[in-house]
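Quick note: the coordinates plus some simple rules give every number you see, no bench work behind them. Note that the coordinates shown come from a computational prediction; the quantities given were computed from them, not determined experimentally. We place every Cβ from the backbone using ideal geometry, glycine too, and count neighbours over all the protein chains shown.
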Amino acid sequence: MKMFSKFFGLYKKELKIFFSQPIAYVLISVFVAIAGYFFAGITNYYSEVSLRSMNSYQQNMFDLTMLDGIFRPWFYNVAFILLLIMPLITMRAFAEEKREGTMELLFTFPVSDAAVVAAKFCGAYTVFLAMLAGALSPVVMLRFSSGFDIAPVAGGFIGLMLLGAAFIMLGTFISGLTENQIVAAVVTFAVLMFIWIIEWLSSVVDPAVGRVLSNISIIRHYDSFSKGVIDTADLVYYAVFIFIFYFLSLRVLESKQWRG
């Protein structure tokens, strides 16, 4: 209980830092605006094509469900927006502490390294959840107007939550390697982009290697979620991904303490 209260104190500190600066509000607003723009565009296109199909002799040519016609393309758009925005949220995790010289002060707190990393992660993840909640508004409005099946869409959002957690954990680790926030953001984006597109290499290498590269791809494991299917293998992938970079973040903190 005492350990939890110490963690909660660090977590509140992280939230206070995030929301005392305009960047959190700017990022949330930009994300919600862009996600809403894409949702409106995809929904309008789906409606137009559906109407043209109904009013023509090609009624069987367009039989996409709302999940396939609206939500799956939108989920992938949102995932790519997160790829661009999440490095800006995680870049300050440890880099700012080191730049301002408060890293040493952090080590004097009577809390474990695990609690410090968890508090950094949870602070950034709360900002991410606020972004995702804002993007839900057009989905809710469409739900009231059309009454689509909510279960597959919920699966897509669960996938986004796991994808965001993976992005944040990797970004937190990279932030611990440098004291420059811009460097942390750029390197995080580069690594995430590499893990995103690594599956593309599977077609030009040995098939056995290609299968390995496909399994490493972070976006490949989101595909089932975008279809509303929660696959155990994908859950394990994201859990292992998050654990690995959580473990590496702890090792970075320990190395800083030893050097200190």
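Largest mean-square fluctuation among ILE81, ILE17, ILE89, in a Gaussian network model of the chain whose springs join Cα atoms under 10 Å apart, belongs to ILE17.
The distance from the alpha carbon centre of the stretch 209-260 to that of the stretch 74-90 is 16 Å, rounded to a whole number. Model label sites at ILE244 and ALA208, defined 7 Å from Cα along the beta-carbon direction, differ in position by 2.0 nm.
Sorting 189-195, 154-160 by their mean Cβ neighbour count within 10 Å, with the most densely packed peptide first, gives 154-160, 189-195. Taking the longest Cα principal axis of the chain as reference, the axis of helix 232-259 is set at about 20 degrees.
Relative contact order for the chain: 26 percent, from Cα pairs under 8 Å spaced at least 6 residues apart, divided by residue count. Among VAL30, VAL187, VAL209, which one shows the biggest mean-square fluctuation in a GNM of the chain, springs joining Cα atoms closer than 10 Å? Residue with maximal mean-square fluctuation among VAL30, VAL187, VAL209: VAL209. Taken about its Cα centre, the chain carries a charge dipole of roughly 640 debye when the Cβ of each Lys and Arg holds +1 and the Cβ of each Asp and Glu holds -1.
Name the residue farthest towards the positive end of the dipole of the stretch 132-260 from the options LEU253, ALA190, SER226, assuming +1 on Cβ of Lys and Arg, -1 on Cβ of Asp and Glu, about the Cα centre. About the Cα centre, the residue reaching furthest to the positive side is LEU253.
Ellipsoid fit via the Cα gyration tensor, the chain: semi-axes of 38, 22, 16 Å, each the root of five times an eigenvalue, largest first. Dipole of the stretch 10-259 computed with +1 at Lys/Arg Cβ and -1 at Asp/Glu Cβ about the Cα centre; of TYR45, LEU10, PRO207, farthest Cα towards the positive end is LEU10. Taking the chain as a Gaussian network of alpha-carbon nodes connected by springs under 10 Å, the highest mean-square fluctuation of the residues GLU96, GLU48, GLU199 belongs to GLU48. For the stretch 4-45, the orientation-averaged shadow of the C-alpha convex hull comes to 3.8 nm² (one quarter of the hull surface).
Each peptide among 237-246, 139-148 gets the average number of other Cβ atoms lying within 10 Å of its residues, and from highest to lowest they stand as 237-246, 139-148. Thinking of the stretch 121-248 as a set of Cα atoms, what percent of all their pairs are more than 26 Å apart? Everything past 26 Å amounts to 31 percent.
Oblate is the label for the stretch 131-170, because a/c, from the alpha-carbon gyration tensor with a ≥ b ≥ c as root eigenvalues, is 1.5 or above and a/b does not exceed b/c.
Of all aspartates and glutamates in the structure, the ones whose alpha carbon falls short of 17 Å from that of LYS13, not counting any fewer than 8 places away in one chain, are GLU96, GLU97, GLU100, GLU104, ASP113. Against the chain, whose longest principal axis comes from its Cα atoms, helix 113-135 is set at around 30 degrees. Mind running the shape call on the stretch 207-247? Use the C-alpha gyration tensor, a ≥ b ≥ c as the square roots of the eigenvalues: rounded below 1.5 for a/c, prolate if a/b tops b/c, oblate otherwise. Taking the square roots of the gyration eigenvalues as a ≥ b ≥ c, the stretch 207-247 is oblate.
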